[in-house]
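Visitor: After the structure tokens below, expect a handful of questions from me.
Only the coordinates and a few stated rules stand behind these numbers; no lab work does. Everything numeric here is computed off the predicted structure, so don't read it as measured data. Glycine gets a Cβ as well: all are built from the backbone with ideal geometry, and neighbour counts include every protein chain shown.
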Amino acid sequence: MLPPDSSTPEPGAGSDPGARSPWDAPGTGPLAEPMTDAAGSEVIQPTPTEPVQPPVGRASSSVRGPILAIAMVVVSVLAGGALFFSGWLVGQRSVQQPGTPVADEQAFQPFWDSYDTITKRFALGGETQQSLVDGAIKGMVDSLGDPYSAYLSPDQYSQGLQDLSGQFEGIGAEIGTRDGKGATSDCSTLGPDCFLVVVTPIEGSPSEKAGIKAGDAIVAVDGTSLDGLTVDGARNKIRGKKGTEVVLSIVRDKAAPVDITVVRDVIVQKEVIAKDLGGGKVGYIAVTGFSDNSQAKFHDALQADLKAGKKAIILDLRGDPGGYVTAARAIASEFVASGPIFWEQDADGVTNETDATGDGIATDPSIKLVVLVDKGSASASEIVAGALQDTKRATIVGETSFGKGTVQQWIPLQNGSALKLTIAKWLTPDKHWIHHVGIVPDVPVATPADASPTNDPVLDKAVELLTKA
């Protein structure tokens, strides 16, 4: 059965059949996968058409040889991919590329025996050395059972970079996975207890126009069941070029599947939306994604509100699947003067702190803040909400968020492909790990099925909290 609608992010998350994430063509393209969580270091963002720059960023980064790699760290929901989340983490690939260590020869012998046998005796043809190497790497990553780790071909890697730019081709929906009970899940192979679920359709996207809603489970594409596919495999079936059609079989609220035809398009998402509420006394700023430009646009919108004399701000993170962690850090730092924004715990259990930038313009406690979240808020969104909640800088209103608390690093490989690997957990300032738990609002408000701009009880509650005497 189809899991009931729950909460986006990732990320981990934080991905998307047409949403933002390195799943879709231009960005977690429209089928984005959850963007990943990142570490809070300053970095340089490469583009698919520009050469990778030398590493700069963390003080500990160094260059030890001619082989460099830019490791991209982002925070978002499995969307499609996934739009999480973050900034570029500049890293370095070890130059060590030894043969099989003597101590591991016995363990690796079956691999080399298989490779040798295939290259000499496979009768159907079509295989190449590169295809076998690609398949071996993909199989190794898939064996981790982590939906946020993946081997990306050169085309997928390039598309993923475009996804993070905020413009991509696809259906425009963030996607994630849930188990048979409707709970957020890290399952990686789709089936009876692992469903591909729309976290949120992007506003104005083909998926939204076609009537797809958050919580819809995608069970088949163009008449073919998704059972047995990995999340990446399903995403590849959903994404596509502008003007092409894809038929999605959708299960909603455990009803019988219905087919919805979506015409793919170029998705350009407006990541910062600002307006006045409460008779001009309340500033409202919605952030729909954390790209390299969103933090500057958010700063400008917030500064305009403060110059206008507003002392009450609503930060709306509903439906935001994440993005660059550096953007999340910058936005949270606008309200938090000092101290940790989040912590990162690596594979060795070492925990590192990422502090506020110290240059926020709304850190004065007299500036009241309410943050709105829902089940579509993931990864970088949860970093911001978690930081503002733990520091008691804001009141969180809405529904429990998606729950993606892992960090992925994108590591370019020599042939133009890349490895996206979960390399850490991220924790809130009070060291809570929100993975599969989410950010629980201080003031819970359910979103009605018929929610609209004129029927938004979550936003109404936020205005009430900020304007009551």
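Visitor: Which order do peptides 126-134, 407-415, 451-459, 300-308 fall in by mean Cβ count within 10 Å, highest first?
Guide: Values: 126-134: 11.0, 407-415: 22.1, 451-459: 13.6, 300-308: 15.2.
Going from most to least packed, we get 407-415, 300-308, 451-459, 126-134.
Visitor: Next question. What does the stretch 105-166 give for Rg and for Dmax, in Å, if only its C-alpha atoms count?
Guide: 15.2, 47
Visitor: Running Debye on the stretch 353-469 with equal point scatterers at the Cα sites and no solvent, what base-10 log of I(q)/I(0) appears at q = 0.15, 0.19, 0.24 Å⁻¹?
Guide: Taking Cα atoms of the stretch 353-469 as identical point scatterers yields -0.77, -1.04, -1.34.
Visitor: Give me the orientation-averaged projected area of the Cα convex hull of the stretch 117-235, in nm², one decimal.
Guide: Working: hull surface 37.1 nm².
Reported value for the Cα convex hull: 9.3 nm².
Visitor: Would you mind calculating the relative contact order of the stretch 220-276 from Cα pairs under 8 angstrom and at least 6 residues apart, reporting the percent as a whole number?
Guide: Averaging sequence separation for qualifying contacts and normalising by length gives 31 percent for the stretch 220-276.
Visitor: How big, on average over all directions, is the shadow cast by the Cα convex hull of the stretch 262-341, in nm²?
Guide: Orientation-averaged projected area of the Cα hull: 6.7 nm².
Visitor: Please sort by residue number the trypsin sites (Lys or Arg not before Pro) in the stretch 116-207 whose DSSP state is loop and whose Cβ has at most 15 other Cβ atoms within 10 Å.
Guide: Values: sites: 120, 121, 138, 178, 181; in loops: 181.
Hits after loop and neighbour filter: 181.
Visitor: In whole Å, what three semi-axes, largest first, describe the equivalent ellipsoid of the stretch 277-397 built from its Cα gyration tensor (square root of 5 times each eigenvalue)?
Guide: Numbers: eigenvalues 113, 47, 33 Å².
In descending order the semi-axes read 24, 15, 13 Å.
Visitor: Considering the options 257, 274, 308, tell which one lies farthest towards the positive end of the dipole of the stretch 195-323, charges being +1 on Lys and Arg and -1 on Asp and Glu at the Cβ, about the Cα centre.
Guide: Comparing the listed Cα positions along the dipole, 308 ranks first.
Visitor: Given all pairs of different Cα atoms, what value in angstroms does the Kirkwood hydrodynamic radius of the stretch 327-419 take?
Guide: Working: mean 1/r = 0.0683 Å⁻¹.
In the stretch 327-419 this quantity evaluates to 14.6 Å.
Visitor: How would you classify the stretch 232-278 from its alpha-carbon gyration tensor, with a ≥ b ≥ c the square roots of the eigenvalues: rounded for a/c under 1.5, else prolate if a/b is greater than b/c, otherwise oblate?
Guide: It comes out oblate by the Cα gyration axes.
Visitor: From the backbone phi of the stretch 208-215, what are the Karplus-calculated ³J(HN,Hα) couplings (6.51 cos²θ - 1.76 cosθ + 1.60, θ = phi - 60°) in whole Hz, Gly and Pro given as x?
Guide: In residue order, the calculated couplings are 5, 5, 7, x, 6, 10, 4, x Hz.
Visitor: For the pair residue 209 and residue 121, what calculated FRET efficiency results from E = 1/(1 + (r/R0)^6), where r is the Cβ-Cβ distance and R0 = 60 Å, to the nearest 0.05?
Guide: Numbers: r = 52 Å, r/R0 = 0.87.
E(calc), rounded to 0.05, equals 0.70.
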